[in-house]
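Below is one structure, written out as structure tokens; comments come after it.
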Amino acid sequence: LTAQQGGFLAGAGTVCADGKLDGRATARLPLAMLGAVRPEIREIGGTLDLSLRASGTLAAPAFLGDGAVHRGHVLLRDRPEALHDIEARLVFSTQGVQVRDATAAMGGGRLQAQGDIALQGWQPAAYRFKLQAKDVAVGQIEGISSAWDADLELSGITREAQLTGRARLVRGAYRRDL
């Protein structure tokens with residue numbers, strides 16, 4: 001299967017009479033496909049490479065795999081900051097998704113993240129992500145510019161989230177008359 005925007009999906013597998021499952025799939029997907037299904041995304045690009053394996057039985061399948069995001073960028077409709085130079089390594093299993101290492105540039109600085117999301121019945125459950133920011137400028141207030149270093153952790157269960165950590169002002173300027 002080949003996507004119009006340069007992606008592909010290839011796979012093979014078997015299901016035995018006793019329900020035993022053995023399958024493999026690889027894919028390269030353009031991240032631009034997300035823009036069509038997520039209205040909050042104004043602009044997105046890059047690729048997602050995936051390698052997945054299914055084993056076990058049809059009644060109790062087990063999935064393992066890994067993935068990588070390359071040359072990614074994203075701009076949301078309600079935010080002026082864009083993430084660019086996104087690179088990430090992911091690991092997938094029946095139990096969840098691990099972000100082993102993710103890096104990006106934003107607001108003249110660098111971001112690095114890692115974390116995981118547990119799955120329960122194929123739905124997101126508990127999650128925890130650590131984010132380090134270095135010299136990142138964020139959402140300017142008229143007349144004020146600033147750049148920050150930060151060490152943050154976002155954790156929670158489904159829609160309940162807690163953000164903890166520290167942020168340090170690296171530089172700031174106020175450019176209006178008092």
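No lab work stands behind these numbers, since they all come straight from the coordinates. What you see is a predicted model, and the numbers here were worked out from it, not measured in a lab. Every residue, glycine as well, gets a Cβ built from its backbone with ideal geometry; the counts of neighbours run over all protein chains shown.
Out of [x] 8, 13, 10, 9, 8, 7, 6, 5, 5, 5, 5, 4, 4, 3, 3, 2, 1, 1, 0; [y] 8, 24, 22, 19, 16, 10, 2; [z] 9, 26, 35, 18, 8, 3, 1, 0, which label holds the value of P(r) over Cα pairs in 10 Å bins from 0, in percent that was computed here? Recomputing P(r) over Cα pairs in 10 Å bins from 0, in percent here gives the entry labelled [z]. What separates the Cα centres of the range 115-155 and the range 6-25 is a distance of 36 Å. Label zone (HIS73, point 7 Å along Cα-to-C-beta; backbone nitrogen cut-off 19 Å) within the range 95-139: 103-112, 136-139.
Subtracting the Cα-Cα distance of ARG42 and LEU152 from 0.36 nm times their residue separation leaves 37.0 nm of extension gain.
Taken about its Cα centre, the chain carries a charge dipole of about 120 debye when Lys and Arg each add +1 at the Cβ and Asp and Glu each add -1 at the Cβ. Computed over the range 112-165, relative contact order equals 30 percent, with contacts defined as Cα pairs under 8 Å that lie 6+ residues apart. Placing unit charges on the Cβ atoms of the charged side chains and taking the dipole of the range 52-158 about its Cα centre, the candidate lying farthest along the positive direction among ALA126, ALA113, HIS73 is ALA126. Here the label points at LEU50 and ALA118, each 7 Å from Cα along the C-beta direction, are separated by 2.4 nm in the simple model. A helix-only calculation puts the chain at -1000 deg cm²/dmol for mean residue ellipticity at 222 nm, using -39500 (n - 2.57) for each DSSP H run of at least four residues, averaged over all residues.
Taking the Cα of ALA82, stepping 7 Å toward and past its beta carbon, and measuring to each backbone N in the range 36-62: which are under 12 Å? Of the residues in the range 36-62, 42-46 have backbone N under 12 Å from the label point off ALA82.
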